[in-house]
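Structure first, then comments.
No lab work stands behind these numbers, since they all come straight from the coordinates. Quick caveat, the model's predicted, so the values are computed rather than measured. Note that each Cβ is placed from the backbone with ideal geometry, even for glycine, and that neighbours are counted across all protein chains shown.
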Amino acid sequence: MLQYLNILLDDSAVSFCHYEAEKEQRLMSIDTLRAGIRFAMMENLMIQYVFPDNTLPKEYYSVIETIDHFNIKRDGEDSDVCVVENWDFSKANANVPIVVRTTKEDLFQKYQLLNGIITQAKRINIIIKKVDSFNNDDFEEYKGILNALGEQVERAYIDGLSPQLNILTDRMMLKEMNNCGAGETTITLAPNGKLYVCPGFYYDDEADCIGDLENGLDIKNKQLYRLDHAPICRHCDAYQCKRCIWLNRKTTLEVNTPSHEQCVLAHLERNASRELLQNIRKHGTSLSMQEDINEIDYLDPFDKRDDWK
């Protein structure tokens, strides 16, 4: 069931996921914005405004405030989600979730910058660009980084804190999949007035829309965006996995099938979460009510396909 409508206020709106927002400034018309709000109200959808870096005309802010919403911005001021690029936390707001978009190269070199922020921020989400470029050596390095960050999180728990770092702590808390949701719970309105599965589909190809504000939604084979129609994911317990629909189609040409690289990264995180949970429990009763994370002997669930029922 649809729950959210992302509204890209400009073609240059900040990216908050794996996709790149590589377009010049083109502001959504004020009439399209009003129509988008009306569409959200009629469909009972919560709006998430995705802002550009430039300041909007004053009249836009008045229209934006006519409905309850979330703000996704690069500047932490007045944001509900703050996006950080290039590991520059100077404008970050520790009181709201922080999304850190990073290349694997920068992650490998700069992950220690998280040490001081983990205990200060309300939540940190790490989003790695170009996941499909990972190789076996990169997987090993990522595993080491997860272990190092796990030690920081463990120390924070010993000090009575409960930091949230998506790649480590989410799996400890989840009992079922909590994934992308594009095409199932979330859709996107672009500045051209058309609707898309997610912003990534818009930035790749404006013609790849799923309807418009005038004629409504038209999602082809919409069941494919559901977990029960994901042949690999429905057998998986890496519940924290982003399961990015845009990345799925980019790498496998199927919206419901992730790439090998996406699966391996998710299972490295899952296993690091398992170890972290066990280590935290050694210091007391903290997280004693959380379900155990079972030990597994694979990193890609596709390798266990013969065991699926």
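Starting from a Cα-only point model with no solvent, please compute log10 I(q)/I(0) by Debye for region 55-149 at q = 0.10, 0.14, 0.15, 0.22 1/Å.
-0.35, -0.60, -0.67, -1.11
Just to be sure I understand the model, the point goes 7 Å from the Cα along the line to the Cβ. What's the resulting ALA207 to SER133 distance in nm?
Inter-label distance under the simple model: 2.9 nm.
Taking the alpha-carbon centroid of each part, what is the distance from region 174-252 to region 1-54 in angstrom?
Cα centroid of region 174-252 versus Cα centroid of region 1-54: 15 Å apart.
Quick one: if the Förster radius is 30 Å, what FRET efficiency do LEU113 and SER286 give, using the C-beta to C-beta distance and rounding to 0.05? If you can, show how the numbers build up before the last one.
Details: r = 26 Å, r/R0 = 0.87.
According to the calculation, E is roughly 0.70.
Could you pull out every one of the aspartates and glutamates with an alpha carbon less than 14 Å from that of LYS175, ignoring same-chain neighbours closer than 8 positions?
ASP237, GLU291, ASP292
From the gyration tensor of the Cα coordinates in the chain, what semi-axes in whole Å does the equivalent ellipsoid have, largest first, with each one equal to sqrt(5λ)? Intermediate values should be presented prior to the final figure.
Numbers: eigenvalues 218, 112, 61 Å².
Semi-axes from the Cα gyration tensor: 33, 24, 17 Å.
May I ask for the net charge around GLU295, where only other residues with Cβ less than 11 Å from the Cβ of GLU295 are counted and Lys, Arg are +1 while Asp, Glu are -1?
Working: positive: ARG270, ARG274; negative: GLU275, ASP292, ASP297.
Summing Lys and Arg as +1 and Asp and Glu as -1 gives -1.
Could you rank the peptides 52-64, 187-199, 152-164, 242-254 by their average count of other C-beta atoms within 10 Å per residue, with the highest value first? List each step's numbers first, then the result.
Details: 52-64: 12.8, 187-199: 23.3, 152-164: 15.8, 242-254: 20.2.
The most tightly packed comes first, giving 187-199, 242-254, 152-164, 52-64.
Figure the gain on full extension for ASN44 and SER29 (residue separation times 0.36 nm, minus the Cα-Cα span) and round it to one decimal in nm. Write out the running numbers ahead of the final one.
Details: separation 15, 0.36 × 15 = 5.40 nm, distance 2.23 nm.
Here the answer is 3.2 nm.
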